[in-house]
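Inspection log for the structure reproduced underneath, given as structure tokens.
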Amino acid sequence: MTRQLQSYETSNSKLYVLMFCLILFSYGLADGLIYINWLFGTFLILASVLIILKKKNISLAFVKVYMISVMWLIYCLSVSSFTSDLNNHLKYILITLFFALVSCILVYVLLTNSHRFFHILYYLNFTWLIINLLYYFFVYNKTSVETIYSGIFYNRNTFAILTTILAYLLLYASEKAQIKTKMQKYMYFGSFLLICLTLSIKGIIGFFLLFFGHYFLNKENVLRKLSVLLLIGFVFWGVLTTENPISERVERFTLAFIAPNELKASESAFNRMWLINESINLIKEHPLVGVGVNNSILFLVPPEKVLFEEGKGTYSHNNYTEMLLNGGVPAFLLYYIPILYMLVCLIIRKFPKGIKIHLILLILYKLFIDLAQVSYFDFGMVFIYIYILFSYISLSQGGKADIS
């Protein structure tokens, strides 16, 4: 009987891994291929509905997490009459509702079994590394167009952030299930190598924050903690004091604050500062309802695009300002209050150390990413938002939340 159960769990794990691969690895593909993500996401939702109808039962935690994560969208929907482009507004509300529901189902699958959690993350990371290393050697290296590496994704930051998060979730899953393999160290190194190839500051800082933060805060030995701090300091000193693409990007973004006049209008740092300033002006004009979800693209047209008569605008490249533009102060509060509430509770309340540190680091990384990226409709960031909510609800109920 035991062997039959093990065989059943193994076959189920393989099915779960396939499901995660198809959904997580497809959301960052080029525009025409994003429909693959929607197709498999829809299939997952339909399969879940059939299971719920068969069991005639649904997890209370599942409903609670989903409702918390979409309250801001419900508010935006209620003020749709004030939006500039209603079709675009409704389109992005539906996409984000869809991403939140799919993420809830995936996280539910992860958190109902610690061994399954580990096996899914282990094979996800392994598959992700193999696919992107093969892509690097056999596709990227043979292209004549000079572009920064972004794996199989169209955006290097999206790729680097997902790689960072997958590797860190594997680290935590390994400790939770008390399973360690020799391959994991190579997988962590491979993940860091891929992140470095993207030159993504969000990915590199995230990797250091999550991995070294996790190690530093979980260790009791003071000497080991000091050695970790010294290592981090040495690495950052080496990166910032030598000529390399990363230090160059840091220098340009520093100029945006201390000497913006030295930047060219075509530079990323100049455009981001311009977008933030223009977003603040728009927010002052529409503080309670914003301009509509993803309607910022109608108002934020960078000077460079105006100069070359390109009328198409862009979003604010900052999730804090974008949420205020989406639905004003109410939408902003509905989105960020749950995150800040969890962060404060995790800091002041007594919870098991491992999960407490794990969730605090993920929240800090999420808040850091939001400074320079619009994350509310990025599937990877929606997934992490849902993961944090689910984990916190389970934790706040003594690890006995109704998720199984």
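The values are calculated or read from the model by the stated rules, or taken from the named source; none is laboratory data. Just so it is clear, the model here is predicted, and its values are computed rather than measured. Every residue, glycine among them, receives a Cβ derived from its backbone with ideal geometry; neighbour counts consider all protein chains shown.
Side notes on the structure shown:
- Selection count, the stretch 124-162, where residues are of a type in the set (V, I, T) and crowded, with 21+ Cβ neighbours inside 10 Å: 2
- Qualifying residue in the stretch 76-93 (condition: surrounded by fewer than 17 Cβ atoms within 10 Å (Cβ to Cβ), under 30 Å from I283 (Cβ atoms), acidic (D, E) and touching a helix residue (DSSP H, G or I) at 6+ places or on another chain (Cβ under 8 Å)): yes
- Subset of the stretch 340-365 (residues that are surrounded by fewer than 18 Cβ atoms within 10 Å (Cβ to Cβ) and either under 26 Å from I297 (Cβ atoms) or aliphatic (A, V, I, L, M) (or both)): L340, V344, I347, I348, L364
- Failed item, numbered, when S174 is tested on (1) under 29 Å from H115 (Cβ atoms); (2) at pLDDT below 90: (2)
- When we screen K312, K305 for residues that are of a type outside the set (A, V, I, L, M), outside any helix (DSSP H, G or I) and either modelled with pLDDT of 80 or more or over 22 Å from the mean Cα position of the chain (by Cα) (or both), the only hit is K312.
- Taking the stretch 370-384 as the range and being assigned to a helix (DSSP H, G or I) and in contact with a Ser or Thr (Cβ under 6 Å, 6 or more places away or on another chain) as the test, the residues that pass are M381, V382, F383.
- Criterion: part of a helix (DSSP H, G or I), farther than 21 Å from N294 by Cα and among the small types (G, A, S) - qualifying residue of G354, G327: G354
- Exactly one residue among F189, F216 is closer than 27 Å to F137 by Cβ and out of contact with any Gly (no Cβ under 6 Å at 6 or more places or on another chain), and that residue is F189.
- The condition (being at pLDDT below 90, out of contact with any strand residue (DSSP E or B) (no Cβ under 9 Å at 6 or more places or on another chain) and surrounded by fewer than 13 Cβ atoms within 10 Å (Cβ to Cβ)) is satisfied by just one residue among N57, N37, N12: N57.
- Within the stretch 392-404, residues that are among the β-branched types (V, I, T) reach partners that are modelled with pLDDT of 55 or more and part of a loop (DSSP other than H, G, I, E, B) with beta carbons closer than 6 Å, at six or more positions or on different chains, in the pairs I403/S59; I403/T112.
- Selection within the stretch 271-298 - polar (S, T, N, Q) and part of a helix (DSSP H, G or I): N271, N277, S279, N281, N295, S296
- The residues listed here are Y149, Y188; of these, the one that is part of a loop (DSSP other than H, G, I, E, B) and either closer than 23 Å to K353 by Cβ or in contact with a Leu (Cβ under 7 Å, 6 or more places away or on another chain) (or both) is Y149.
- Screening the stretch 22-56 for residues that are in a helix (DSSP H, G or I) and among the hydroxyl-bearing types (S, T, Y) and picking the one that is nearest to T164 (Cα to Cα) gives Y35.
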